[in-house]
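Each remark here refers to the structure printed beneath this line.
Computed from the coordinates by the stated procedures, all read-outs in this text should not be read as laboratory data. Keep in mind that this is a model prediction, so the values were computed, not measured. Cβ sites come from the backbone with ideal geometry, for glycine too, and all protein chains shown count toward neighbours.
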Amino acid sequence: MINSNEFFKDLDEFRTPQQMRAYFEGKKAKIISNKALNDLARLKIGKYKEFLEEFYPIYLFSQSKYVPDNAQVRIVLGNQSYDVIVKYDSGLEKKYEITGFIYGQDEREDAKLINQRGYSKIRMYDTKDLELKAYNYLEEVILNAKKKAHMNYNGVAIIILLDVYYYLEIWNLDMKRFIDNAIERIRELPFSSNEVYIMVRNSDPVYLIDKNIYRVI
């Protein structure tokens with residue numbers, strides 16, 4: 001088995017936005033071209049989980065207007081109240097916390113089956129109304145956001161991930177209404193942070209990331 005600690009030994013180094021892009025694309029190319037790496041990544045074994053669930057959204061955010069080209073960005077591993085440090089030329093540092101929601105058990109089951117036979121199982125509840133499933137997912141995102149709102153994030157900006165691709169976009173459902181609903185509800189929460197963003201994950205290319213980030217507070 002390829003050791004994820006070795007493969008991602010430099011995961012938490014400071015990088016410019018351009019270096020963030022080069023690092024992500026380089027690792028992605030190696031993973032896609034190697035079945036063993038691909039299987040481990042799908043299962044999110046070891047640091048593959050941190051690469052996909054933490055580094056990837058940080059990489060996306062680093063490509064936005066909120067991070068200057070000459071800034072230095074670093075993922076912070078471990079249990080602390082923030083996931084990202086952005087260091088500016090002026091010496092100023094900003095901290096960010098990334099949060100969202102994933103159906104972890106379903107994802108793990110699917111990953112194992114895809115690795116074994118090439119496809120996942122069809123669940124009985126997959127026949128549920130598609131829009132209802134999307135809004136059930138939104139409730140989980142809101143629940144996570146509520147937890148963050150009741151924690152002390154003074155001096156830390158919060159980025160809330162909202163996945164519209166799997167829940168709405170591929171089914172041609174109304175994404176705007178869904179996003180507007182999320183913004184309205186999250187804006188009402190009593191965050192201690194004075195910066196809260198929603199970052200929408202969809203099929204747009206990375207260079208369009210600015211139109212998928214909404215500052216709600």
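Here is how the number arises for the chain: DSSP H runs of 4 or more residues each give -39500 (n - 2.57), the sum is divided by the residue count, and the result at 222 nm is -12000 deg cm²/dmol. Taking every pair of alpha-carbon atoms in segment 132-188, give the share separated by more than 13 Å as a whole percent. Here the tail beyond 13 Å accounts for 62 percent of pairs.
Here the simple spin-label model places points 7 Å from the Cα toward Cβ, and for Lys65 and Asp89 these points are separated by 1.9 nm.
Mind scanning Lys30/Lys146; Lys95/Lys176; Lys27/Lys211 and naming the pairs with a C-alpha gap bigger than 31 Å? Too far apart for the 31 Å limit: Lys30/Lys146.
Among the DSSP helices (H) of the chain, those spanning at least 15 angstrom by Cα along their long axis with an average Kyte-Doolittle hydropathy of -0.5 or more are 130-149; this is a geometric and hydropathy rule only. Dividing the mean sequence gap of close Cα pairs (under 8 Å, 6+ apart) by how many residues the chain holds gives a relative contact order of 18 percent. Electrostatic tally near Glu54: other residues with Cβ closer than 13 Å to its Cβ, Lys and Arg +1, Asp and Glu -1, net -1.
Here semi-axes √(5λ) of the Cα gyration tensor in Å was computed from the coordinates, and among (1) 30, 18, 16; (2) 27, 25, 16; (3) 37, 21, 13 the match is (2).
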